[in-house]
Amino acid sequence: MACSGIPRSPVILIVILLLLFYVVGSSASGASESEALLKFKDSLENNKDLSGSWNNETTPCSSEKANWVGVICFAGKVWGVKLEKMGLKGVIDVESLKDLSNLRTISFMDNSFEGSLPDLSKLASLKSIYLSNNRFSGEIPPQTFQGMQWLKKIYLARNQFTGAIPSSLTSLPKLLELRLEGNQFIGRIPDFQQKTLQSINVSNNKLEGEIPASLSKMPVTSFSGNEGLCGGPLNQCESESTKKPSVVSIVVVAIVVGVALVIIGIVIFILNRRNQPAASSVEDPPISSFQKKSGIKEADEVSQTSEKSSASKKGENMKLSFVREDRPESFNLQDLLTASAEILGSGYFSSSYKAALLSGPVMVVKRFKQMNNVGREEFHEHMRRLGRLRHSNLLPLVAYYYRREEKLFVTDYIEKGSLAVRLHGHQALGQPSLDWPSRLKIVKGIAKGLQYLYNELPSLIAPHGHLKSSNVLLGESMEPLLTDYGLVPVMNQEHAYELMMVYKSPEYSQQGRITKKTDVWSLGILIIEIMTGKLPASFLQQGKGSEEDLANWVQRVVPQELNSEVFDKDMEATKNGQREMMKLLKIALSCCEGDVEKRWDLKEAVQKIEEVKERDGDEDFYSSYASEADIRSSRGLSDEISFP
């Protein structure tokens, strides 16, 4: 007689056995992941930041939740390891990481790892490698990335790599982004034929030869700082006949140059003997393009530190103050003053210059003259405060220069320029207009950046203070970057009242005050401009006062009887998106409410903006319309995670 406790059906028995195997396997997997990571940790030096959570008391992952610092989890497995800005040294133990079967992304950026690049080909399932801003050195073998068929993103920038760019990079079928700038690579750029490649940066190396035609449409900044490179998008390469002059011509040129140098030397010697000065003098440095364009006359005041203490103090005052810990001081004020420059804009508020450093990145320098009523220490403290801000929708301050009469702010150069130019000058520049999804993305990004400022600068009544379309830049993926934020406390008040957006609000014109809702009013004005394509009157008047204030501008541009005719004719939109467009326009009008008491606060405005969709209706989020980014966001996954 069969025992009643044993299942009679073989199917049930098989299911039970499978469940047991799954439980045991999951448990064993968790243990092996812990062991692998702890072994990896032991290979690192200066790993004190990991000692708190990396131990056997918990597993690295619990479902989607990471229990260990720097671990990224997905479906209860270790998906990524992200240990950045920890001062880590030692060895990246690839053998330990091999035991993490679900590992897809590693990031050890901004640490102090040295030596050769680890043999990452042993981690064949990786999709993202981030090793920028370390001290790796030596040549990377050509076959290093062979067989890594899932690799999408490789960041090796600002290390000390030498030799040729490894040819195996050209065999990666899914490669999206490649960052190799700031190394010492030599030779030619390999021919990247991948259709997937979206961005590449090999600037500031020692590369030479013609840029492959497949990369000719990449921006100039991707190749700058390599004197030997030519071809699109850089200058056209010289022909062979130009490169190889005849021996006879070389000899003739050498003779002519030699004779000329002798004559010049004799003339200089005679003139010096005739006109010996009573005392030696230091020749003034030549005025550079940036110095000439900006009118700054401080370059000749830089004194050598070996001189008197007063000279040393003056030299100290000429230093740029860097406010970002994640950015090394790769240039100084003298580098900026001697950089070639291009005027980006000049107005009553500030003047902007694009400065191309001789050996380094392209920066933007903003010059302010209306900030001389704030004391040195107060100004420095406020700049340090702004320098600590970090958000994907803020253009971070890199450095600044303090002088009583003027201030210089240094930021990164953003290639795509401002939202104002893209909205109102795209036809003249031959650019496509912004469609509805792009405009919605920009509005949401602006709102998020503004909310971050309110959270991080609670003591400021108007944390931005000057929000308008010319103070919103557009990044590579059309993400908005807010600029000129947090300047109300350091602006001369008599000029702030005349120039800044918050002082054009109804509450200031009627009651002589600004409130915590005043930036919300500026946000509403900006959204209306984005949706209608109409330029606000204040831009045309440049702060000199206008016959038509912005409140009247809103009433004229957006009539009480709303209809689709109000939207920008250049905005591409389908019919099933117009209801959402109208919803966003109504949100803007609520933000522009003249009565401060009735106006939404920022939290409510941001919440309403987030609820706006690209399309009408409530389609299933996980339908075929959902993008990879949508799915990632909905599950709370890191940007480091990418799907096959």
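As a test of the definition: which semi-axes, in Å, follow for the stretch 424-617 when you take the square root of five times each eigenvalue of its alpha carbon gyration tensor? Largest first, please.
So the equivalent ellipsoid measures 26, 18, 18 Å along its semi-axes.
For the stretch 43-230, the equivalent ellipsoid built from the Cα gyration tensor has semi-axes of 32, 18, 13 Å, listed from largest to smallest.
Over the stretch 427-533, the Kirkwood radius and the radius of gyration, each from Cα atoms, give a ratio Rg/Rh of 0.99. Summing +1 for each Lys or Arg and -1 for each Asp or Glu among the other residues whose beta-carbon sits under 14 angstrom from that of Pro190 gives -2. Full extension of the chain between Ser137 and Trp150 yields a length gain of 2.2 nm, computed as 0.36 nm times the residue separation minus the alpha carbon distance. Each Lys and Arg adds +1 at its Cβ and each Asp and Glu adds -1 at its Cβ; summed about the Cα centre, the stretch 333-490 shows a dipole of about 240 debye. Put a plus charge on the Cβ of each Lys and Arg, a minus charge on the Cβ of each Asp and Glu, and nothing anywhere else: the dipole of the stretch 424-617 about its Cα centre is then about 280 debye. Segment Thr221..Ser167, full-extension length gain: 17.2 nm, with 0.36 nm per residue of separation and the alpha-carbon distance subtracted.
For the stretch 101-121, the residues whose backbone nitrogen is under 12 Å from a point 7 Å from the Cα of Ala75, taken along Cα to Cβ, are 102-103. Counting only Cβ charges, +1 for Lys and Arg and -1 for Asp and Glu, the dipole size of the stretch 43-230 around its Cα centre is about 500 debye. Summing charges over all other residues whose Cβ lies under 15 Å from the Cβ of Leu423, with Lys and Arg as +1 and Asp and Glu as -1, gives +2. Counting charges near Arg385 (Lys, Arg +1; Asp, Glu -1) among other residues having Cβ under 12 Å from its Cβ returns a value of -1.
Its relative contact order, with pairs defined as Cα atoms under 8 Å and 6+ residues apart, puts the stretch 43-230 at 12 percent.
Only the coordinates and a few stated rules stand behind these numbers; no lab work does. None of these values were measured; they are calculated from a predicted model. Counting neighbours? That spans all protein chains shown, and the Cβs are built from the backbone with ideal geometry, glycine included.
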